[in-house]
Amino acid sequence: MSINLEKYNQIKEELEGKATLVAVSKTKPVEDIKALYDLGHRDFGENYVQELVDKQAQLPKDIRWHFIGHLQSNKVKFIAPFIHLIHAIDSISLLKEIDKQAEKANRIIDLLLQVYIAKEETKFGLSDHELQAIIPQLPAFKNVSVKGLMGMASFTNDMRKARAEFHHLKNLYHTLTIHDSRFTILSMGMSSDYHEALHEGTNMVRIGSLLFGEREYQK
Ligand SMILES: *Cc1c(COP(=O)(O)O)cnc(C)c1O
């Protein structure tokens, strides 16, 4: 077992009453997940469909699984029966496929729209303009529920830059919450920048390496 319990407790305390902690367990063994589970933790994040499906089969069924990576349309069907929240919707075609698979699984699936806030660096996510264009189309999808926004800041040591990017995302989120009360989740902040995200009002952080140690390879 290689969980950093001290860090886990520290982060839980920092987030108390402010943000949900999604423990990002990609590339880490089920034993590590089970160790946090046994402490009462239920929200775990994964990036790869096959890995998630394998882990889900082996672990307790009351875990809330978050899919935080880039999701390919042809793989939605494998996670539709159990996924708790999909964080990174970046196209109408993906939304359509999730809606279809949710109906088949007889569920309403909760989603976040991913916004491209680190302009030069992220490959995935909606531009502000694309976000504005997608919003009016959402009511057509009856088997999904869009709960909010997700974003990733630039990989940089310049924390002012990360903060400015989070600030921008928070403003977008606030504008949307005025029009739609179902918007309740703002997913931003990772191991390196969750303090900045907290400052800017995140209510869901996705933290991996601080809890589970560095990943051996960046899958
Ligand atoms: C891997 C990953 C994380 C966690 O990253 P850490 O730096 O290990 O905290 C968070 N969000 C997304 C989208 C990821 O892919």
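Beta carbons closer than 6 Å, at least 6 apart along the sequence or on distinct chains, pair a first residue in the range 177-199 that is farther than 15 Å from V115 by Cβ with a second that is open to solvent by 10 Å² or more (accessible area, probe 1.4 Å) and more than 16 Å from the ligand (Cβ to nearest atom) for T184/K147; E196/R163.
Matching residues to (1) open to solvent by 30 Å² or more (accessible area, probe 1.4 Å); (2) of a type in the set (V, I, T); (3) part of a helix (DSSP H, G or I):
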| site | (1), (2), (3) |
| --- | --- |
| A23 | no, no, no |
| T27 | yes, yes, no |
| E51 | no, no, yes |
| F78 | yes, no, yes |
| I86 | no, yes, no |
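Taken together, the residues in the range 1-21 that are farther than 21 Å from G69 by Cβ, surrounded by 13 or more Cβ atoms within 10 Å (Cβ to Cβ), of a type outside the set (F, W, Y) and out of contact with any Asp or Glu (no Cβ under 9 Å at 6 or more places or on another chain) amount to 6. Annotation note: of K34, K28, the sole residue that is farther than 30 Å from K96 by Cα and touching a Lys or Arg at 6+ places or on another chain (Cβ under 8 Å) is K28. For the range 88-127, the set of residues classified as in contact with a helix residue (DSSP H, G or I) (Cβ under 7 Å, 6 or more places away or on another chain), open to solvent by 20 Å² or more (accessible area, probe 1.4 Å) and part of a loop (DSSP other than H, G, I, E, B) consists of I108 only.
Residue check: is K55 within 16 Å of the ligand (Cβ to nearest atom) and among the basic types (K, R)? It is true that K55 is within 16 Å of the ligand (Cβ to nearest atom) and among the basic types (K, R).
Pairs linking a residue in the range 45-72 that is more than 17 Å from L112 (Cα to Cα) to a residue that is more than 13 Å from the ligand (Cβ to nearest atom) and hydroxyl-bearing (S, T, Y), with Cβ atoms under 8 Å and 6 or more positions apart or on different chains, are L59/Y37; P60/Y37; I63/Y37. All conditions but one from (1) touching a residue at least 12 places away in the same chain (Cβ under 8 Å); (2) open to solvent by 30 Å² or more (accessible area, probe 1.4 Å) apply to G148; the one that does not is (2).
Being acidic (D, E), surrounded by fewer than 17 Cβ atoms within 10 Å (Cβ to Cβ) and assigned to a loop (DSSP other than H, G, I, E, B) is the requirement here; does D62 meet it? In short, yes.
Restricting attention to the range 195-210, the residues being within 8 Å of the ligand (Cβ to nearest atom), buried (at least 21 other Cβ atoms within 10 Å of the Cβ) and either outside any loop (DSSP other than H, G, I, E, B) or among the β-branched types (V, I, T) (or both) number 2.
The values are calculated or read from the model by the stated rules, or taken from the named source; none is laboratory data. As the structure is a prediction and not an experimental result, all values here were calculated from the model. So basically every Cβ, Gly included, is an ideal-geometry build from the backbone, and we count neighbours across all protein chains shown. The protein model used for the area step is the full one, side chains on, heavy atoms only, and it has no ligands, DNA or RNA in it. Shrake-Rupley method; radii C 1.70, N 1.55, O 1.52, S 1.80 Å.
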